[in-house]
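The values are calculated or read from the model by the stated rules, or taken from the named source; none is laboratory data. Just so we're clear, the structure is a prediction, and the values are computed from it rather than from any experiment. Methodologically, a virtual Cβ is constructed for each residue, glycine included, from the backbone with ideal geometry; neighbour enumeration extends over all protein chains shown.
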């Protein structure tokens, strides 16, 4: 049986938490894990406004993180 897409704010909350940790995030399809942005992982960001906008338009997206480009917050 196929898993139902996440349509509540749990995934958005996770994406925002990752961003606060300095991990750049981007939305992916629930099935297949394909990026939902034009440039895939290169669009990853920690900008809360951008992240909220992505999940406003793609409520069933899963959160992916580009941890190779972590921002150091010292």
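What the table below lists for this structure:
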| item | result |
| --- | --- |
| Residues of the range 9-29 classified as over 11 Å from the mean Cα position of the chain (by Cα) and over 13 Å from residue 56 (Cα atoms), total | 3 |
| Close pairs from the range 34-61: first touching a residue at least 40 places away in the same chain (Cβ under 8 Å), partner surrounded by fewer than 16 Cβ atoms within 10 Å (Cβ to Cβ), Cβ under 6 Å, at least 6 apart | 59/7; 60/5; 60/7 |
| Residues that are modelled with pLDDT under 95, crowded, with 17+ Cβ neighbours inside 10 Å and part of a loop (DSSP other than H, G, I, E, B), drawn from the range 38-67 | 58, 61 |
